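> Following this message is one structure expressed as structure tokens.
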Amino acid sequence: MIPKLMQSLALPVAKTPASRRQFMLGALAAGGGLAIGYQVLASSPAAASETAADANKAAAAFTPYLTIDGDGKVVVLSSQFEMGQGSYNGLATLVAEELDADWHSIDVRGVAGNVKAYGNVAFGGTIQGTGGSTSMVTSWERYRKAGAAARAMLVAAAASEWGVQPAEITVENGVLAHPSGKSGGFGAFAAKAAAMPVPSDVTLKQPGDWKLIGNAKLKRFDSARKTNGTEQYTIDIKLPGMLTAVMIHPPMFGAKVKSFDAAAARSVKGVVDVVETPRGIAVVGEHMWAAIKGREVVTVVWDETGAEKRSTAELMTMYNELADKAPVAVARKDGDTDAGFAAAAKVIEASFEFPYLAHSAMEPLNAVARKNDDGTLEIWGGHQFPDVYQMLASQIVGIAPDKVQLHVMKTGGSFGRRAVFDGDVVVESVYVAKAIGFRAPVKVQWTREDDMRAGRYRPSYVHKLKAGIDGDGKLVAWSDHIVGQSIMAKTAFDGMVQNGVDPTSVEGANNLPYAIPNQMVGLTTTEVGVPVLWWRSVGSTHTAFAAEAFIDEVAEAAGRDPIEYRLSMLEPQSRHAVVLKLAAEKAEWTKPLPEGRFRGVAVAESFGSVVAQIADVSLDGNGGIKVERVVAAVDCGLAVNPDQVRAQVEGGIGFGLGAILGEEITLTAGKVDQGNFDAYTPLRIDAMPAVEVHILASTNPPSGIGEPGVPPIGPAVANAIYKALGKRIRVMPFTKTLNA
């Protein structure tokens with residue numbers, strides 16, 4: 001599962017899983033308490049010849065995964081970045097379960113700066129990063145082991161103090177107790193526990209003993225802070241003497257500053273400076289209002305020699321022309337599609353168009369940079385790939401990477417937007433602080449318009465599909481030619497593009513689960529100057545729609561029920577078949593719908609999980625549609641937090657539904673047309689359907705859940721709309737077809 005997942009992420013994959021001997025538990029006394037962590041040990045031949053002193057030195061340099069202070073407060077130090085998806089809550093659950101901690105004594109803090117300890121093992125352990133729905137994948141074993149080790153050491157400390165056997169001590173809700181009546185909280189033994197031997201290995205609880213993992217009634221530990229407004233995000237940061245900067249980015253992608261006149265801006269009250277950076281002009285003010293008013297009167301002359309000047313209509317025409325030609329690269333080839341189509345009794349063809357999409361997270365991009373008198377640099381922000389940002393910042397300032405301290409802030413959404421290769425707003429904050437001589441901390445805060453127009457979109461794609469069925473309606477040939485930009489090419493992950501195939505362009509298409517004897521998935525990668533990036537569920541945002549909408553067309557041509565037709569091409573006990581049958585059962589697929597209701601289905605695998613969705617739609621009498629109900633069945637391995645799994649699927653459905661109904665980024669003569677939510681229209685609350693989420697019971701380790709709820713919703717709704725209106729939705733967003 002992990003190699004397939006990493007192939008879809010196009011990130012490094014460990015050739016073999018890290019053995020337990022590569023990880024060593026460590027502990028130290030921390031402010032009168034206990035800290036437990038891991039040191040990732042080298043496994044090369046050279047490492048085997050290290051002296052004992054070298055090994056001891058390495059073991060002592062561990063970074064903690066959790067701390068327990070003298071008051072019994074447990075702080076989980078998270079290698080994963082919290083963007084609202086609940087990774088902190090998941091990690092707290094893993095630790096508290098094995099530690100037998102009081103759930104109300106738990107807190108979680110994001111940390112960065114030690115890839116050996118915090119590297120994402122799902123990415124091969126070579127980079128700390130949050131993405132690809134891997135937070136539980138990378139944390140599942142090591143955070144539980146850290147909790148179990150801390151528990152064992154607390155028990156050992158209590159046993160030593162009480163003069164009893166460790167096996168006689170029980171632990172529950174943060175309290176250690178002995179049948180003699182002796183008891184004490186974690187805080188009473190934390191300091192002494194730090195001096196206890198660190199277990200070389202620990203025994204984890206069996207599922208039958210879990211109280212928190214899999215508990216559907218467990219409430220999030222951080223809900224109160226998020227609802228009462230006390231949770232701190234980067235936008236809330238206020239440092240003494242801090243200045244605020246807003247950016248002027250090129251109106252065309254690829255344009256550069258030729259000259260600028262900031263005289264009028266500098267006369268605006270509160271404007272401190274106007275400086276040039278590699279990505280545009282920064283207007284620095286005592287506060288954001290001053291910076292914005294100053295920005296309004298800066299005049300810039302742009303060099304547009306290397307800019308992308310085409311409109312999206314021109315690009316889409318080019319994409320469709322390329323789709324009619326032979327693909328440049330082949331991502332999958334089974335059997336002989338030419339022979340399959342030649343022998344088919346009926347051949348069906350369709351083309352699908354997908355626009356650029358913005359991430360449109362609630363909190364626009366921001367970061368704060370400050371250089372200290374000792375030469376160190378501090379950066380506050382949503383550090384989704386902290387190793388990258390730390391290295392880039394160190395190069396800008398000319399200091400060692402370990403002199404860059406990253407403060408990991410909670411963030412109001414990302415959906416992939418902060419997982420950038422070049423540091424983006426983080427780098428901008430450092431450049432601006434440097435340009436003003438580091439005389440004060442600087443917060444670079446983008447506006448919504450900056451966020452919408454400064455690039456990094458889900459790429460635009462065209463799919464040209466073809467299917468052949470025999471006289472019995474059996475699908476005997478299938479081809480999908482995908483045309484669009486590469487996310488990975490010419491980036492730090494360029495090496496993941498193999499034989500002309502960017503795996504993020506074809507995931508979900510090149511691993512289609514259906515038994516089709518002759519299949520071909522081709523790819524033509526375009527060269528366009530519009531910056532692109534992964535977007536929630538990445539390639540499956542378009543491949544799942546094209547495949548699952550087209551499968552419905554094929555099922556109709558074969559005269560078969562859409563679910564029955566899918567099941568006929570799946571192994572009965574396969575994950576896809578099981579979730580399809582569960583969704584059909586819970587939605588009562590075979591029962592007649594009320595008059596005016598219509599239903600569609602889709603199933604998709606992404607990030608190691610499989611989700612089937614059945615959508616019910618109704619008509620409003622004016623040709624408009626409303627999605628009334630969605631029934632989802634999910635196989636995401638073991639659900640650490642079932643309520644959170646439901647929330648992620650519900651959120652994914654809302655996120656994906658908004659995109660397919662009305663979202664698109666368009667360009668006119670190279671300039672982005674949309675600037676805010678008046679023109680770029682995410683789902684409104686009154687359009688959110690009722691959602692039922694059914695989680696398949698599983699003993700498999702957790703797989704991804706933050707993204708897999710997105711891909712099936714588009715095709716499920718499109719297939720329902722066809723039942724309602726007789727219109728096939730092949731051009732996104734739906735408004736282009738429904739309003740035609």
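The values are calculated or read from the model by the stated rules, or taken from the named source; none is laboratory data. Computed from a predicted model, the values in this text were never measured in an experiment. Cβ atoms come from the backbone with ideal geometry, glycine included; neighbour counts cover every protein chain shown.
> Suppose we keep only residues that are free of Cβ contacts under 8 Å to residues at least 40 places away in the same chain and among the polar types (S, T, N, Q) within the stretch 207-254. Which one would you say is farthest from residue 292 (Cα to Cα)?
223
> Could I ask something else about it? Does the stretch 710-729 include one or more residues that are in contact (Cβ under 8 Å) with a residue 60 or more places away in the chain, surrounded by fewer than 20 Cβ atoms within 10 Å (Cβ to Cβ) and not in a helix (DSSP H, G or I)? Steps first, answer last, please.
In the first step, residues of the stretch 710-729 are kept if they are in contact (Cβ under 8 Å) with a residue 60 or more places away in the chain; the result is 710-725, 728-729.
Filter once more, keeping what is surrounded by fewer than 20 Cβ atoms within 10 Å (Cβ to Cβ): 722-725, 728.
Restricting the remaining residues to those that are not in a helix (DSSP H, G or I) gives 728.
There is at least one residue in the stretch 710-729 that is in contact (Cβ under 8 Å) with a residue 60 or more places away in the chain, surrounded by fewer than 20 Cβ atoms within 10 Å (Cβ to Cβ) and not in a helix (DSSP H, G or I).
> How about the stretch 646-690: which of its residues are free of Cβ contacts under 8 Å to residues at least 40 places away in the same chain and within 20 Å of residue 317 (Cα to Cα)?
673
> Specify which of the listed residues (414, 351, 360) is among the polar types (S, T, N, Q) and not in a loop (DSSP other than H, G, I, E, B).
Residue meeting the stated conditions: 351.
> Quick check on the stretch 363-390: of everything there that is of a type in the set (A, V, I, L, M) and at pLDDT 95 or above, which residue is surrounded by the fewest Cβ atoms within 10 Å (Cβ to Cβ)? First the steps, then the outcome.
So the first thing to find is which residues in the stretch 363-390 are of a type in the set (A, V, I, L, M), and the list is 365, 367-369, 377, 379, 388.
Among the residues that remain, those that are also at pLDDT 95 or above are: 365, 367-369, 377, 379.
Numbers: 365: 29, 367: 30, 368: 26, 369: 28, 377: 22, 379: 26.
Filtering first and then ranking leaves 377.
> Any chance you could count how many residues in the stretch 116-137 are more than 20 Å from residue 535 (Cα to Cα) and of a type in the set (S, T, N, Q)?
Of the residues in the stretch 116-137, 1 are more than 20 Å from residue 535 (Cα to Cα) and of a type in the set (S, T, N, Q).
> Considering only residues of the stretch 354-373 that are in contact with a Lys or Arg (Cβ under 7 Å, 6 or more places away or on another chain) and not aliphatic (A, V, I, L, M), which is farthest from residue 403 (Cα to Cα)?
356
> Of all residues in the stretch 267-281 being of a type outside the set (D, E, K, R) and either assigned by TED's automatic domain parsing to the domain that holds residue 674 or farther than 26 Å from residue 357 by Cα (or both), which is surrounded by the most Cβ atoms within 10 Å (Cβ to Cβ)? Please lay out each step first, then the result.
Here is the first cut: in the stretch 267-281, the ones of a type outside the set (D, E, K, R) are 267-268, 270-272, 274-275, 277-278, 280-281.
Okay, now just the ones that are also either assigned by TED's automatic domain parsing to the domain that holds residue 674 or farther than 26 Å from residue 357 by Cα (or both), so 267-268, 270-272, 274-275, 277.
Numbers: 267: 10, 268: 21, 270: 16, 271: 22, 272: 20, 274: 26, 275: 18, 277: 21.
Among them, the one singled out is 274.
> Is one or more of the residues making up the stretch 447-462 at pLDDT 95 or above and β-branched (Val, Ile, Thr)?
yes
> Does the stretch 552-591 hold any residues that are within 25 Å of residue 726 (Cα to Cα) and acidic (Asp, Glu), and which are they?
Selection gives 552, 553, 556, 561, 564, 588.
> I'd like to check something: does the stretch 218-241 contain any residue that is small (Gly, Ala, Ser) and modelled with pLDDT of 95 or more? Full working, then the answer.
Our first condition is that a residue be small (Gly, Ala, Ser); within the stretch 218-241, this holds for 223-224, 229, 241.
Pick out the ones that are also modelled with pLDDT of 95 or more and you get 241.
Yes, that holds for at least one residue.
> Considering only the stretch 563-570, I want to know if a residue exists there that is among the β-branched types (Val, Ile, Thr), over 30 Å from residue 342 (Cα atoms), at pLDDT 95 or above and assigned by TED's automatic domain parsing to the domain that holds residue 607.
Going through the stretch 563-570, the residues among the β-branched types (Val, Ile, Thr) turn out to be 563.
From what's left, over 30 Å from residue 342 (Cα atoms): none.
No, because not a single residue in the stretch 563-570 is among the β-branched types (Val, Ile, Thr), over 30 Å from residue 342 (Cα atoms), at pLDDT 95 or above and assigned by TED's automatic domain parsing to the domain that holds residue 607.
> Out of all the residues in the stretch 257-290, which are small (Gly, Ala, Ser) and without any contact (Cβ under 8 Å) to a residue 60 or more places away in the chain?
Within the stretch 257-290, the first condition is being small (Gly, Ala, Ser), and the residues that meet it are 259, 262-265, 267, 270, 280, 282, 285, 290.
259, 262, 263, 264, 265, 267, 270, 280, 285, 290, listed by residue number.
> Tell me whether the stretch 283-295 contains one or more residues that are of a type in the set (Gly, Ala, Ser) and either farther than 30 Å from residue 441 by Cα or surrounded by fewer than 19 Cβ atoms within 10 Å (Cβ to Cβ) (or both). Before the answer, list the steps.
Filtering the stretch 283-295 for residues of a type in the set (Gly, Ala, Ser) gives 285, 290-291, 294.
Going one step further and asking which of them are either farther than 30 Å from residue 441 by Cα or surrounded by fewer than 19 Cβ atoms within 10 Å (Cβ to Cβ) (or both), we end up with none.
No, the stretch 283-295 contains no residue that is of a type in the set (Gly, Ala, Ser) and either farther than 30 Å from residue 441 by Cα or surrounded by fewer than 19 Cβ atoms within 10 Å (Cβ to Cβ) (or both).
> What residue, of 203, 244, is within 30 Å of residue 109 (Cβ to Cβ), among the polar types (S, T, N, Q), out of contact with any Asp or Glu (no Cβ under 7 Å at 6 or more places or on another chain) and surrounded by fewer than 17 Cβ atoms within 10 Å (Cβ to Cβ)? Before the answer, list the steps.
Working: 244 fails: surrounded by fewer than 17 Cβ atoms within 10 Å (Cβ to Cβ).
Just a single option satisfies the conditions, and that option is 203.
> Condition first: assigned to a helix (DSSP H, G or I) and over 30 Å from the mean Cα position of the chain (by Cα). Can you find one or more residues in the stretch 540-554 that meet it? I'd like the intermediate steps shown before the answer.
The first filter runs over the stretch 540-554 and keeps only residues assigned to a helix (DSSP H, G or I), leaving 540-554.
Going one step further and asking which of them are over 30 Å from the mean Cα position of the chain (by Cα), we end up with 553-554.
Yes, the stretch 540-554 contains a residue that is assigned to a helix (DSSP H, G or I) and over 30 Å from the mean Cα position of the chain (by Cα).
> Right, next: If only one of 534, 478 is surrounded by 24 or more Cβ atoms within 10 Å (Cβ to Cβ) and either modelled with pLDDT under 95 or not in a strand (DSSP E or B) (or both), which one is it?
Working: 478 fails: either modelled with pLDDT under 95 or not in a strand (DSSP E or B) (or both).
From the options 534, 478, the qualifying one is 534.
> While we're on this one: Please go through the stretch 496-507 and pick out each residue that is crowded, with 24+ Cβ neighbours inside 10 Å and either of a type in the set (Phe, Trp, Tyr) or assigned to a loop (DSSP other than H, G, I, E, B) (or both).
If the condition is that a residue be crowded, with 24+ Cβ neighbours inside 10 Å and either of a type in the set (Phe, Trp, Tyr) or assigned to a loop (DSSP other than H, G, I, E, B) (or both), then 502, 507 are the ones that fit.
> Just need a number here: residues in the stretch 81-128 that are among the aromatic types (Phe, Trp, Tyr) and either out of contact with any Gly (no Cβ under 8 Å at 6 or more places or on another chain) or without any contact (Cβ under 8 Å) to a residue 24 or more places away in the chain (or both).
We begin by selecting, within the stretch 81-128, every residue among the aromatic types (Phe, Trp, Tyr); these are 81, 88, 103, 118, 123.
Restricting the remaining residues to those that are either out of contact with any Gly (no Cβ under 8 Å at 6 or more places or on another chain) or without any contact (Cβ under 8 Å) to a residue 24 or more places away in the chain (or both) gives 103, 118.
Within the stretch 81-128, residues that are among the aromatic types (Phe, Trp, Tyr) and either out of contact with any Gly (no Cβ under 8 Å at 6 or more places or on another chain) or without any contact (Cβ under 8 Å) to a residue 24 or more places away in the chain (or both) number 2.
> Assess whether residue 414 counts as being of a type in the set (Ser, Thr, Tyr) and farther than 28 Å from residue 273 by Cβ. Before the answer, list the steps.
Details: of a type in the set (Ser, Thr, Tyr): yes; farther than 28 Å from residue 273 by Cβ: yes.
Yes.
> Restricting attention to the stretch 635-654, does a residue exist that is of a type in the set (A, V, I, L, M), modelled with pLDDT of 95 or more and part of a strand (DSSP E or B)? Don't jump to the end; show me each part of the working.
Residues of the stretch 635-654 that are of a type in the set (A, V, I, L, M), as a first pass: 638-640, 645, 647, 649, 653.
Then drop every residue that is not modelled with pLDDT of 95 or more, which leaves 638-640, 645, 647, 649, 653.
Remaining after also requiring part of a strand (DSSP E or B): none.
No, every residue in the stretch 635-654 fails to be of a type in the set (A, V, I, L, M), modelled with pLDDT of 95 or more and part of a strand (DSSP E or B).
> Let me confirm something: among 406, 465, which residue is assigned by TED's automatic domain parsing to the domain that holds residue 350 and either more than 30 Å from residue 557 (Cα to Cα) or over 28 Å from the mean Cα position of the chain (by Cα) (or both)?
Values: 406 fails: assigned by TED's automatic domain parsing to the domain that holds residue 350.
After applying the criteria, what remains is 465.
> Another question, then. Please work out which residue is surrounded by the fewest Cβ atoms within 10 Å (Cβ to Cβ), limiting yourself to the stretch 61-80 and to residues that are assigned to a loop (DSSP other than H, G, I, E, B) and touching a Gly at 6+ places or on another chain (Cβ under 6 Å).
Step by step, filter the stretch 61-80, then rank; the result is 71.
> Is there a residue being closer than 26 Å to residue 535 by Cα, in contact (Cβ under 8 Å) with a residue 12 or more places away in the chain, surrounded by 19 or more Cβ atoms within 10 Å (Cβ to Cβ) and β-branched (Val, Ile, Thr) anywhere in the stretch 578-588?
Taking every residue of the stretch 578-588 in turn, at least one turns out to be closer than 26 Å to residue 535 by Cα, in contact (Cβ under 8 Å) with a residue 12 or more places away in the chain, surrounded by 19 or more Cβ atoms within 10 Å (Cβ to Cβ) and β-branched (Val, Ile, Thr).
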